[in-house]
Amino acid sequence: MKLLITIYQLKNLEKLSVYADGFLIGSDRFGTRLTKSFSDEEIFTAISQTKALNKSLYLVCNQMFDDKQLESFQGWIETLPVRELSGIIVADLGAYKVLEHMGYSDLIVYNPETLLTNAYDFNFLADFDIQGVFVAKEITLEDIIYIGKNKKYQMFMIGHGHLNMFYSKRQLIDNFMYFTESENPYHNRQDLKIIEENRKDDPYPILEDQAGTHVFRSQVLSSLNHLVELKDFVDYLVVDTLFKDDDYAYDILKMYRDGKEDLNLKKQIQNKYQEVWDEGFFYKKTIYKHKG
């Protein structure tokens, strides 16, 4: 099992590479929920640096595109040294078709967030020569292991971080500020929380970026206590550091590389970043109930 990490500053690539096998970066033109929007020049630099460090580099292009964006996406991909990337992460099947048409099927990593919840759906694109897919983040550990035992290509999964649970392409904060005739100083801020009236002690991180508005679980998913079960089935485990920083990434990666929780380090991290860890949906079945 290889460890992939998001990053804020390229100057920390070498430091994080001590524990990471690869990195995720993107541009807000085509990616969303990014730690940072990297310029084309920075992406070229990251390609060069990860190559020198013998590390993987995945380009995150996980927005949902309209037709005009797909045209721009293809034009942008044509300007990049795509074959020097380890893969391109997409959420939109339109982006998949663009990359397939360009001859990059083998670089595609499909991440539709919530859709791949069983072995059949997970393996659906296996015959299309793509690299792999992300398993849904709202399924149990038992289901993940079952899919892993029956997978036909590489499995990616989010192993640590705040899980996104709501996404709208509308920029809802901006709409509210417009309605109240106020300026919007909150766009792209990573320090915002939304508090519900009946859950005041459980604030949710909220982010408005160029792709829309996103609300996340308040607790941080940690899979540290399940690495023994996961390591034989998960090919790439992603540590998402959104809302944190590269110091956080370094400390978290160390524990994942060691394969166990360091209780003292865990306590220091939780105190410093004021966060609570849990096991996400590993033991919680997601049940949809019809009204009435």
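The values are calculated or read from the model by the stated rules, or taken from the named source; none is laboratory data. Predicted model only: the values in this text are computed from it and were never measured. Positions of Cβ are backbone-derived with ideal geometry, glycine not excepted, and every protein chain shown enters the neighbour counts.
Filtering L242, L253, L221, L237 for residues that are surrounded by fewer than 19 Cβ atoms within 10 Å (Cβ to Cβ), aliphatic (A, V, I, L, M) and within 20 Å of L16 (Cβ to Cβ) leaves a single hit, L242. Does D67 fit the bill of being under 19 Å from the mean Cα position of the chain (by Cα) and not hydrophobic (A, V, I, L, M, F, W, C)? No, not satisfied.
Per the conditions (1) of a type outside the set (V, I, T); (2) more than 18 Å from A211 (Cβ to Cβ); (3) in contact with a Pro (Cβ under 6 Å, 6 or more places away or on another chain), the sole criterion not satisfied by A91 is (2).
I139 fulfils the conditions (1) in contact (Cβ under 8 Å) with a residue 12 or more places away in the chain; (2) outside any loop (DSSP other than H, G, I, E, B) except for a single criterion, (2). Here I145 does not fit the description of being assigned to a helix (DSSP H, G or I), at pLDDT below 95 and surrounded by 13 or more Cβ atoms within 10 Å (Cβ to Cβ). Across the stretch 16-25, the number of residues qualifying as free of Cβ contacts under 8 Å to residues at least 40 places away in the same chain and within 17 Å of V90 (Cα to Cα) comes to 2.
Starting from residues that are surrounded by 13 or more Cβ atoms within 10 Å (Cβ to Cβ) and at pLDDT below 95, keep the ones in the stretch 259-274 and report whichever is farthest from L227 (Cα to Cα). Within the stretch 259-274, the match that is farthest from L227 (Cα to Cα) is D262.
Only helices (runs of 4 or more DSSP H) whose full extent lies in the stretch 195-284 are considered here, and the ones with at least 1 residues that are acidic (D, E) and within 13 Å of H160 (Cα to Cα) are 246-258. Of the residues making up the stretch 177-193, just one is of a type in the set (A, V, I, L, M, F, W, C) and exposed (fewer than 14 other Cβ atoms within 10 Å of the Cβ), namely F179.
If you check Y110 against the conditions, is it over 20 Å from K36 (Cα atoms) and crowded, with 20+ Cβ neighbours inside 10 Å? Answer is yes for this residue.
Restricting attention to the stretch 148-194, the residues that are part of a strand (DSSP E or B), in contact (Cβ under 8 Å) with a residue 60 or more places away in the chain and either more than 24 Å from K285 (Cα to Cα) or among the polar types (S, T, N, Q) (or both) add up to 2. Reported count of residues in the stretch 5-15, each being in contact with a Lys or Arg (Cβ under 9 Å, 6 or more places away or on another chain), more than 11 Å from L59 (Cα to Cα) and touching a residue at least 60 places away in the same chain (Cβ under 8 Å), is 3.
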